[in-house]
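All remarks here apply to the structure that follows.
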Amino acid sequence: MGVIIVLVVVAVIALLVVGIYNRLVGLRQNVRQGVADIDAQLRQRHDLIPNLVETVKGYATHEQDTFEQVTEARNRAAAGNLSSSDEAQLKVALDRLLALAENYPDLKANTNFQELQRELANTEDKLAAARRALNAAVARFNTARESFPAVMFAGALGFQEADFHRLDDSEQGVVDQVPQVSFK
């Protein structure tokens with residue numbers, strides 16, 4: 001009788017651990033997908049920038065400083081580091097580039113420029129949504145990992161806390177390198 005009780009307790013614990021493990025695996029995959037979604041949006045934004053720069057450059061040849069700032073910021077951000085500082089500098093440089101359109105009515109009316117500007121705005125919206133989704137996935141994962149009884153097994157099963165702000169190198173997708181923009 002005592003052996004049966006021990007076997008039942010062991011079986012219940014084993015089922016509990018398997019359930020916890022499977023739930024944490026699913027939540028960790030959601031976090032990884034969130035990272036990949038952000039990388040996809042960053043890649044799309046980085047792919048749009050050379051086209052936008054070239055379009056504006058055709059109308060505003062004397063704005064070399066702005067072009068160089070956008071290109072430098074984009075190249076730093078595309079280097080794969082994805083630091084929030086580099087991305088912020090890229091955003092500021094892009095805002096300056098888009099502000100140039102106000103000085104060039106023909107550029108503002110250019111269909112290619114309007115489409116690129118619309119795509120960039122859409123990509124920025126998607127990027128913000130992807131970041132919110134990642135933060136929500138991280139919160140769900142960390143909550144599940146730290147909840148009882150998972151907290152007793154999560155560390156032993158290899159589940160480490162996910163970070164909201166800095167992605168571990170093993171989790172961070174790589175932004176594809178796109179062709180360099182040349183002003184020569």
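The values are calculated or read from the model by the stated rules, or taken from the named source; none is laboratory data. Predicted model only: the values in this text are computed from it and were never measured. Don't worry about glycine lacking a Cβ; one is built from the backbone with ideal geometry, like all the others, and counts go over all protein chains shown. Calculation scope for accessible area: heavy atoms of the full protein, side chains included, ligands and nucleic acids excluded. Shrake-Rupley method; radii C 1.70, N 1.55, O 1.52, S 1.80 Å.
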Checklist entry - If you check Q89, Q41, which single one turns out to be open to solvent by 40 Å² or more (accessible area, probe 1.4 Å) and modelled with pLDDT of 70 or more? => result Q89
Next on the checklist: For the stretch 134-158: of the residues being under 29 Å from E87 (Cα atoms) and not β-branched (V, I, T), which is most open to solvent (accessible area, probe 1.4 Å)?
Outcome noted: R140
Checklist entry - Here is a list of conditions, (1) touching a Phe, Trp or Tyr at 6+ places or on another chain (Cβ under 7 Å); (2) modelled with pLDDT of 85 or more, and F67 meets all of them except one; can you say which number that is? => result (2)
Checklist entry - Taking the stretch 44-64 only, how many residues are open to solvent by 50 Å² or more (accessible area, probe 1.4 Å) and either of a type in the set (S, T, Y) or modelled with pLDDT of 95 or more (or both)? => result 2
Item to check | Lone qualifier among L27, L7 - being surrounded by fewer than 18 Cβ atoms within 10 Å (Cβ to Cβ) and modelled with pLDDT of 90 or more | outcome: L7
Item to check | Residues that are under 18 Å from Q33 (Cβ atoms), under 21 Å from the mean Cα position of the chain (by Cα), hydrophobic (A, V, I, L, M, F, W, C) and assigned to a helix (DSSP H, G or I), drawn from the stretch 112-169 | outcome: L127, A128, A129, A130, A133, L134, A136, A137, V138, A139, F141
Checklist entry - For S170, are the conditions met, namely being modelled with pLDDT under 85 and closer than 17 Å to Q29 by Cα? => result yes
Checklist entry - Among the residues of the stretch 95-133 satisfying the criterion of being touching a Lys or Arg at 6+ places or on another chain (Cβ under 9 Å) and at pLDDT below 75, which is most open to solvent (accessible area, probe 1.4 Å)? => result E102
